[in-house]
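Any read-out appearing in this document is the output of simple, stated calculations on the displayed coordinates, not a laboratory observation. In this text, all values refer to a predicted model and were calculated from it rather than measured experimentally. Because the Cβ atoms are built from the backbone with ideal geometry, glycine has one as well, and the counts that use them run over all protein chains shown.
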Amino acid sequence: MRKAIYCALFCAAAAAAQTAPKLPADIDSKSLSRLPWLTRADLDANGVRVFEAMNGKDATTPRTAPGAAVLYSPTVGEPFEILNQAARKVSIGTRYFELSALVAARAFDQQYEWSGHELAARRAGIDQSIIDAVKFHRELAGVPEKDAALIQFGRALFEQHKVDSPLYAKVVEQFGRQGMVEIAIIMGDYAMAGVVLTAVDQHLPPDRAPLLPEKALPEK
């Protein structure tokens, strides 16, 4: 019986190894990106300070993939982390923070970014139908007015590179001027992170499912 169990486990592991996607030759097997993880030994005193501020004094590896990449330049990595942490405390709250992050991730077809924030968006109480409206670039009929205004705002910024006066007025009506600025900054922050993750070809860890279709094309 024990032999049969071991055989079954071995066969399952072998099958998983065969079906797992092969990583490109320039991808590090631990970081799953083009950039190997930096350790304290790789950094100068300022770099170690930034590493610990971002990951904790007892950490041995970076906490996030964007954080791992920006450690290659601690001078910009530190404000990168400060901005991201500040953006999580803004007046619009967690729900609209997560929706803003999703809109930016979708705009850059950024799988790593999306797969983490879709789960966070669900935890923040965003209905799957709203998440899917962003994911599949659907029309916004039936989406609550406030959510729809934020999504339209992001699409205008990323796709048209312009926000017309009626849409601007709608966003300010729903979120106020402060909220409008916060949404734009959050989207910009996640656009920046998405660009970095794409540049280093960040892959998903084995335990994270790819939740994003490849291209942000409207459904027909």
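Taking 0.36 nm per residue of separation and subtracting the current Cα-Cα distance, fully stretching the chain between D42 and D58 would add 4.2 nm. Protection proxy ranking of 93-99, 59-65, by the mean of other Cβ atoms within 10 Å over each peptide's residues and highest first, is 93-99, 59-65.
Of the residues D127, D109, the one with the fewest other Cβ atoms within 10 Å heads the list, and the complete ranking is D127, D109.
Other residues with beta-carbon under 14 Å from the beta-carbon of V172 carry, at +1 per Lys or Arg and -1 per Asp or Glu, a net charge of -1. Peptides 32-44, 174-186 ranked from most to least packed by the mean count of surrounding Cβ atoms within 10 Å: 174-186, 32-44.
With a length cut of 30 Å (Cα positions projected on each helix's long axis) and a Kyte-Doolittle mean of at least 0.0, go through the chain and give me the DSSP H helices that pass.
Those that pass (Cα extent of 30 Å or more, hydropathy at least 0.0) are 165-199.
Computed on the chain, with alpha-carbon pairs under 8 angstrom and 6+ residues apart, the relative contact order is 26 percent. All distinct Cα pairs of region 25-86 go into the 1/r average, and the inverse of that average, the Kirkwood radius, is 11.7 Å. Computed from the Cα positions only, the extents of the chain along the three principal axes stand at 66, 49, 29 Å, in decreasing order.
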